[in-house]
Amino acid sequence: GAVVSQHPSWVICKSGTSVKIECRSLDFQATTMFWYRQFPKQSLMLMATSNEGSKATYEQGVEKDKFLINHASLTLSTLTVTSAHPEDSSFYICSARVVSGTDTQYFGPGTRLTVL
Amino acid sequence: GEDVEQSLFLSVREGDSSVINCTYTDSSSTYLYWYKQEPGAGLQLLTYIFSNMDMKQDQRLTVLLNKKDKHLSLRIADTQTGDSAIYFCAERSTDKLIFGTGTRLQVFP
């Protein structure tokens, strides 16, 4: 149980295009999902908290107009990187939180974005 | 602010025990977690411990928590080559997880 998928697993795009990444909780409902960014050999940096049916909460320094988050259902959140540039190249990981005493987050496999 | 520190690298021989250490700063953390990340993959939850516990054992994994010193450790018994990965500790702070810097565990034959 508690499986989270991401699609696509990797994407290469040209500078200036927009890229959408999907995060799905496959066998549970997640009212809250999180989006992280990970640079090579570094830890995870929380970008935003996505709550179903409401606006995402962005961390300080993360441009909300650059990284659009939509959480339209209890099993799906999307991250759209708008007008991507090479500096947006990174590994993006989502997680979904199971509502329980531990509030454990389960992570997707990640999406590697390369912007040429 | 919150800060979670780990040593960057650990190398052990196959069959030995591995101990990965973590220090955190938020004394109000309710849960602390250990995650494993293999190359190019997401994070896999290994185990967690509630802040009022001192120890938790789960098969080959033993978590020790010293709340006074804000120190968390993960011991892997009988380490195998498949355990080679990056291990992250994380503390739950309010509504978010704060991750450590990650420890790269390398297991050699």
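The requirement of being more than 24 Å from B:Tyr87 (Cβ to Cβ), surrounded by fewer than 15 Cβ atoms within 10 Å (Cβ to Cβ) and touching a strand residue (DSSP E or B) at 6+ places or on another chain (Cβ under 7 Å) is fulfilled somewhere in segment A:24-33, by at least one residue. Picking from A:Gly61, A:Gly53, which residue would you name as being closer than 30 Å to B:Ser7 by Cβ and of a type outside the set (Phe, Trp, Tyr)? That would be A:Gly61, the only listed residue that is closer than 30 Å to B:Ser7 by Cβ and of a type outside the set (Phe, Trp, Tyr).
When segment B:81-109 is limited to residues that are away from chain A (no Cβ under 13 Å) and farther than 17 Å from B:Thr47 by Cβ, the one that is least open to solvent (accessible area, probe 1.4 Å) turns out to be B:Val107. Looking across segment B:60-101, the residues that are at pLDDT 95 or above and in a loop (DSSP other than H, G, I, E, B) come down to B:Arg60, B:Ala77, B:Asp78, B:Thr79, B:Gln80, B:Ser84. Just one residue in the set A:Ser83, A:Ser15 is surrounded by fewer than 19 Cβ atoms within 10 Å (Cβ to Cβ), of a type in the set (Gly, Ala, Ser), in contact with a Lys or Arg (Cβ under 9 Å, 6 or more places away or on another chain) and farther than 19 Å from B:Gly42 by Cα; that residue is A:Ser83.
Note on segment A:7-47: residues that are assigned to a strand (DSSP E or B) and within 22 Å of A:Ser100 (Cβ to Cβ) total 10. Here A:Gln60 clears all of (1) open to solvent by less than 40 Å² (accessible area, probe 1.4 Å); (2) without any contact (Cβ under 8 Å) to a residue 60 or more places away in the chain except the condition numbered (1).
Taking segment A:45-57 as the range and being open to solvent by less than 70 Å² (accessible area, probe 1.4 Å) and modelled with pLDDT of 90 or more as the test, the residues that pass are A:Leu46, A:Met47, A:Ala48, A:Thr49, A:Ser50, A:Ala56.
When you scan segment A:34-44, how many residues do you find that are open to solvent by less than 80 Å² (accessible area, probe 1.4 Å) and either at pLDDT 90 or above or facing chain B (nearest Cβ under 9 Å) (or both)? Here the count works out to 7. Residues in segment B:29-59 that are open to solvent by 80 Å² or more (accessible area, probe 1.4 Å) and either part of a strand (DSSP E or B) or among the hydroxyl-bearing types (Ser, Thr, Tyr) (or both): 3 in all. Could you tell me which residue of segment B:1-19 is nearest to B:Leu64 (Cα to Cα), considering only residues that are hydrophobic (A, V, I, L, M, F, W, C), more than 14 Å from chain A (Cβ to nearest Cβ) and open to solvent by less than 60 Å² (accessible area, probe 1.4 Å)? In this case the residue turns out to be B:Leu10.
Checking each residue in segment B:26-59 for being away from chain A (no Cβ under 13 Å), within 17 Å of B:His71 (Cα to Cα) and within 15 Å of the chain's Cα centre (by Cα) picks out B:Asp54, B:Met55, B:Gln57. The conditions of being in contact with a strand residue (DSSP E or B) (Cβ under 8 Å, 6 or more places away or on another chain), at the interface with chain B (Cβ under 9 Å from one of its Cβ atoms) and not charged (D, E, K, R) are met by A:Ile93.
The values are calculated or read from the model by the stated rules, or taken from the named source; none is laboratory data. Note that the structure is a prediction, hence the values are computed from the model and not measured. Note that each Cβ is placed from the backbone with ideal geometry, even for glycine, and that neighbours are counted across all protein chains shown. Surface areas here come from the heavy atoms of the whole protein model, side chains and all, with no ligands, DNA or RNA. Shrake-Rupley method; radii C 1.70, N 1.55, O 1.52, S 1.80 Å.
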